[in-house]
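Read through the structure below, which is laid out as structure tokens, and then see the notes.
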Amino acid sequence: MLKILKYSFYDLMRSRWSYVYFLFYLALGFVLLFLNNDLSKAVITLMNIIVVLVPLIGTIFGIMYYYNSREFTELLLALPVRRSSIFLGQYFGVAGSLSLSLLLGLGIPFAAYGLFRSGAVWDFGLLLVTGAFLTLIFTALSFNIALANENRIKGFGYAVLLWLLLAVIYDGLFLLSLILLEEYPLDNFSLAATLLNPVDLSRTLILLKLDISALMGYTGAVFKEFFGTHMGLLVSLGALVLWTCLPIWRLAVRCRKQDF
Amino acid sequence: MIEVENLHKKFGKNAVLTGLSLKVEGGGIYAVLGPNGSGKTTLIKSILGMVVPDQGLIRVNGQPTHRKWKYREELSYLPQIANFPGNLSVSELLDMIVDLRRQPARQQELIAEFGLEPFLNKKLSNLSGGTRQKVNLALTFMFDSPVYILDEPTNGLDPASLIRLKERIRLEQSRGKLFLVTTHIMQFVEELADEVIYLLEGKIYFKGTLEALRQRTGQNDVEHAIAAISTQEPNA
Ligand SMILES: Nc1ncnc2c1ncn2[C@@H]1O[C@H](COP(=O)(O)OP(=O)(O)O)[C@@H](O)[C@H]1O
Ligand SMILES: [Mg+2]
């Protein structure tokens, strides 16, 4: 698997898109710091961007890479290599290079700004970790979708739809149901609703860490009340790990049944 | 040795293989023939584990192949369509496959044999179909495997390369290697094949030597014999 990861990673490092992504985050980091002039405010703005944009980029990159490396995959399938190694190797190649672009792209401006001397270093670290999780999750989801759809256009469509659903529509539906079901106790419902969406989960995780009640919203408050800040952090982090492992595991299992 | 027992494969509603059984042993060149869409590639890919059978058992050297990968160390496969990652150069591709296969490779010998030196630093996406097929051949014969599985190896080759290919196949044949070769070129079959395997309607319709094929059909010309065979009763 490591060899395949290596080749996928090299392949991506030679592609223009990894650099576009890296430069985008680099620019974003510098601009935010320049505009906010305040690390902790920049972290919040950054969070709002990360929880929406990182899943989108993970999804699109994942699906494009899968379809574009079809030739590579077919070549590998005839070699004495385990099937799951082929797919996991490629997956970690993409997810790894995306995470690296994210970490470096945002890390460099913040480090240049003197992050390590400020109190926001842990908040920022958590933000990057969450971003890496979201990359892993959405790249894995998009690989699953691509595996199930030989038709690229369909696969691409489903993947973008999934992103829309989780990153955009879900919140609206959630709020709507809170309003409609006003009379009922909704704590458990909203807890479950948050755990079932990695985007909301990431947002809650970061807000819990920042401990800004004003921004936390209903779910964050419920989380805090239910688990306490510390436990809440652990639970949401655990849920993110689960969200990461499940699609990766499914990828490893499902790829064995595919015809090429 | 390759054994296939009662192999079934459907793609959606399209039943391509319907209880195919086959056994090939020792060395020799087996020509896998059949009309377009008769399932030659599907059979080959099932043996390689690229297509997952619905039912049936495949053994290579006595071991079931289902969900295994190690057995592919014994197989060299030439795909029907030479699809390669377009952004690699020829030498990068060859090096990568050698690295991934972790087996000794006679890389230089095959590069020279198919005249690939001028293309080594060219990107694969910029090569002509014929040159790509030569790369495909070099990749396949680079490894000294007991079994070679070639899916339409003559595709797009110029006459000089075709001669090289035949020489290479004969050389490996003399070393006792086992070949499964699909082709539509009957002259190729006549020159090289020890036995013919004819696929029709998802099963083996005929398996035997060219001599047996001629006798059964009463046709001396192989092309006509093949054309005539499907109008007769099967005996596999
Ligand atoms: N991956 C696939 N998905 C759907 N149908 C397939 C697939 N591979 C092959 N087929 C179908 O199976 C049949 C046999 O194909 P193939 O084995 O390539 O035939 P041959 O190599 O003998 O020409 C064809 O009808 C083809 O369309
Ligand atoms: Mg074919």
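Anything in the stretch B:142-162 that is within 14 Å of ligand 2 (Cβ to nearest atom) and within 14 Å of chain A (Cβ to nearest Cβ)? List them, or say none.
B:ILE149, B:LEU150, B:ASP151
Could you grab me the full set of residues in the stretch A:40-71 that are within 13 Å of another protein chain (Cβ to nearest Cβ) and buried (at least 24 other Cβ atoms within 10 Å of the Cβ)?
A:TYR65
Evaluate the stretch A:92-110: report whether one residue or more is in a helix (DSSP H, G or I) and within 14 Å of chain B (Cβ to nearest Cβ).
yes
Cβ-Cβ below 7 Å, separation at least six or inter-chain, first residue in the stretch B:62-86 and among the β-branched types (Val, Ile, Thr), second more than 16 Å from ligand 2 (Cβ to nearest atom): which pairs?
B:THR65/B:GLY49; B:THR65/B:ILE58; B:THR65/B:ARG59; B:THR65/B:TYR71
Could you look through the stretch B:153-191, keep only residues that are among the small types (Gly, Ala, Ser) and within 21 Å of B:GLU25 (Cα to Cα), and pick out the one that is least open to solvent (accessible area, probe 1.4 Å)?
Per the criteria, the residue is B:GLY176.
What is the residue count in the stretch B:81-121 for residues that are touching a Pro at 6+ places or on another chain (Cβ under 9 Å) and either away from chain A (no Cβ under 11 Å) or part of a loop (DSSP other than H, G, I, E, B) (or both)?
2
Identify all residues within the stretch B:112-128 that are of a type in the set (A, V, I, L, M, F, W, C) and either more than 29 Å from A:ARG82 (Cβ to Cβ) or open to solvent by 40 Å² or more (accessible area, probe 1.4 Å) (or both); write none if there are none.
Result: B:ALA112, B:PHE114, B:LEU116, B:PHE119, B:LEU120, B:LEU127.
Quick test of your reading of the structure: A:LEU79 fulfils all but one of (1) more than 14 Å from chain B (Cβ to nearest Cβ); (2) modelled with pLDDT of 95 or more. Name the failing condition by number.
(1)
Can you tell me which residues in the stretch B:1-42 are exposed (fewer than 15 other Cβ atoms within 10 Å of the Cβ), small (Gly, Ala, Ser) and within 16 Å of ligand 2 (Cβ to nearest atom)?
B:GLY37
Quick one: is A:THR59 over 21 Å from the mean Cα position of the chain (by Cα), polar (S, T, N, Q) and at negative phi?
Numbers: over 21 Å from the mean Cα position of the chain (by Cα): no; polar (S, T, N, Q): yes; at negative phi: yes.
Considered against the rule, which asks whether it is over 21 Å from the mean Cα position of the chain (by Cα), polar (S, T, N, Q) and at negative phi, A:THR59 comes out as no.
Between a residue in the stretch A:238-260 that is more than 22 Å from A:LEU205 (Cβ to Cβ) and within 16 Å of ligand 2 (Cβ to nearest atom) and any residue that is open to solvent by less than 50 Å² (accessible area, probe 1.4 Å) and of a type outside the set (D, E, K, R), which pairs come within a Cβ distance under 8 Å, given they are 6 or more apart or on different chains?
Within 8 Å, the pairs are A:ASP259/B:MET50; A:ASP259/B:VAL51; A:ASP259/B:VAL52; A:PHE260/A:THR73; A:PHE260/A:LEU77; A:PHE260/B:MET50; A:PHE260/B:VAL51.
Considering (1) at positive phi; (2) more than 10 Å from chain A (Cβ to nearest Cβ); (3) buried (at least 16 other Cβ atoms within 10 Å of the Cβ), say which one B:GLY49 fails and leave the rest.
In the conditions (1) at positive phi; (2) more than 10 Å from chain A (Cβ to nearest Cβ); (3) buried (at least 16 other Cβ atoms within 10 Å of the Cβ), B:GLY49 misses (2) alone.
What are the residues in the stretch B:3-30 that are more than 14 Å from every other protein chain (Cβ to nearest Cβ), touching a strand residue (DSSP E or B) at 6+ places or on another chain (Cβ under 7 Å) and within 13 Å of ligand 1 (Cβ to nearest atom), if any?
Listed by number, the residues that qualify are B:THR18, B:LEU20.
Please determine, by comparing only the residues of the stretch B:185-234 that are at pLDDT below 85, in contact with a strand residue (DSSP E or B) (Cβ under 7 Å, 6 or more places away or on another chain) and not hydroxyl-bearing (Ser, Thr, Tyr), which one is nearest to B:LEU33 (Cα to Cα).
B:ILE229
Does the stretch A:18-28 contain at least one residue that is open to solvent by 30 Å² or more (accessible area, probe 1.4 Å) and under 25 Å from B:ASN83 (Cβ atoms)?
Within the stretch A:18-28, not a single residue is open to solvent by 30 Å² or more (accessible area, probe 1.4 Å) and under 25 Å from B:ASN83 (Cβ atoms).
The values are calculated or read from the model by the stated rules, or taken from the named source; none is laboratory data. Computed from a predicted model, the values in this text were never measured in an experiment. FYI the Cβ positions are ideal-geometry reconstructions off the backbone, even for glycines, and counts take in every protein chain you see. Accessible surface is based on the protein model in full, side chains and every heavy atom, while ligands, DNA and RNA are left aside. Shrake-Rupley method; radii C 1.70, N 1.55, O 1.52, S 1.80 Å.
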